[in-house]
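The values are calculated or read from the model by the stated rules, or taken from the named source; none is laboratory data. It should be emphasised that the depicted structure is a prediction, and the values quoted were computed from it without experimental measurement. Cβ atoms come from the backbone with ideal geometry, glycine included; neighbour counts cover every protein chain shown. With ligands, DNA and RNA removed, areas are computed over all heavy atoms of the protein, side chains included. Shrake-Rupley method; radii C 1.70, N 1.55, O 1.52, S 1.80 Å.
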Amino acid sequence: MSLLTKSAIRSSSGYGCRIGVRPLVQQLRFNSSTNPNNSNETTHFGFKTVNKEDKEKLVGGVFSSVASKYDVMNDAMSMGVHRLWKSHFINRLDAGMRPGSNRGLDFLDVAGGTGDIAFGLLDHAERKFNDTSSTMTVADINADMLREGEKRFQSTRWNDGSDRVKFLVQNGEILDQIPDNSKDVYTIAFGIRNFTDVQAGLNAAYRVLRPGGIFACLEFSQVDNPAIDYIYQAYSFSLLPLMGQLIADDRDSYQYLVESIRKFPKQEEFKSMIEKAGFYVPEKGYENLTFGVAAIHIGVKL
């Protein structure tokens, strides 16, 4: 069953997103938002153990430090391949207002600071579907990252006074300024591994999406080939912090970013967390990119 035939892709909603979905054969597991009072008091910050209340500040410091050189950072961490991954991510979603629909889509790009995914989605929708109606909310907990996106926005064609693009400082684990059942597509790229409580972030994504809405995540992941993984880890832990020192005069931030990848759940575990939030996971649920250096995860709110 194609998602185009689900209730989410109906002309009355204006939704369009090309992700295949198998028939629902098992009951979905729904759960409420994570209660922070029931969580442990400590978590990881890279390989370090820190108080949960401190991680948000520590991660904020990292991204404030790298905000102006964020693309350079991603180029270093992925050897430039992140640009191809992002393009594939956007093309795979294939989201846009279909002809005959009576409203555009409402996109939410979380941890979207610099705007590259947000602008890429709007560009794809306009080029492929002549969609000039869909709206985009770019949310990021880090005001410095968000300012980088706002600067880039000033020189785009979407800065036309139409108010189609909004920037919000928001904690992705809460999204308290985003109403329930208000978004059609939720995207997050290279951001969710920095959450203090990843499950809370997934629960928030489920809450803000309309029934039929799509959750799509692009994130660094775990390489599935031991030989390639050995080479990748040697590159990551030996060269990346050094490159951070040389490129951005910031070795510690790059060291954290490398360590955060290793601490992020493996593909199958993260898939289970998406299901735990209430999403239906179509087919395998994820697509490995470049041997698993990164992966795309998809969930559908039925």
Qualifying aspartates and glutamates (Cα of each under 18 Å from Cα of LYS69; at least 8 residues distant if same chain): ASP116, ASP140, ASP144, GLU148, GLU150, ASP249, ASP250, ASP252
Zone residues, segment 118-151, relative to ARG157, backbone N less than 20 Å from point 7 Å out along Cα-to-Cβ: 118-137, 150-151
Estimated inter-spin distance, VAL169 and ASN181, nm [label 7 Å along Cα→Cβ]: 3.2 nm
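Compute the FRET efficiency between ASP229 and ASP94 as 1/(1 + (r/R0)^6), taking r as their Cβ-Cβ distance and R0 = 25 Å, and round to the nearest 0.05. Can you show the working numbers first?
Values: r = 31 Å, r/R0 = 1.24.
About 0.20, to the nearest 0.05.
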Accessible-area order (highest first, 1.4 angstrom probe) of the listed residues MET243, MET145: MET243, MET145
Cross-link reach list, aspartates and glutamates versus LYS276, counting only Cα pairs under 13 Å and skipping chain neighbours closer than eight places: GLU268
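So which chymotrypsin sites (Phe, Trp or Tyr not before Pro) in segment 198-257 pass both tests, a DSSP loop state and at most 16 other Cβ atoms within 10 Å of the Cβ? Intermediate results must be reported in sequence, preceding the final value.
Numbers: sites: TYR206, PHE215, PHE220, TYR230, TYR232, TYR235, PHE237, TYR254, TYR256; in loops: none.
Those that pass, being in a loop and sparsely packed, number zero.
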Environment charge at PRO99 (Cβ cut-off 12 Å; Lys +1, Arg +1, Asp -1, Glu -1): +1
Counted charge near ALA205, where neighbours are those whose Cβ lies closer than 11 Å (Asp, Glu -1; Lys, Arg +1): +2
Out-of-range pairs (alpha-carbon distance over 24 Å; input LYS128/LYS271; LYS151/LYS263; LYS86/LYS271; LYS86/LYS151): LYS128/LYS271; LYS151/LYS263
Solvent-accessible area of PHE291 with every protein chain in place, 1.4 Å probe, in Å² to the nearest 10: 120 Å²
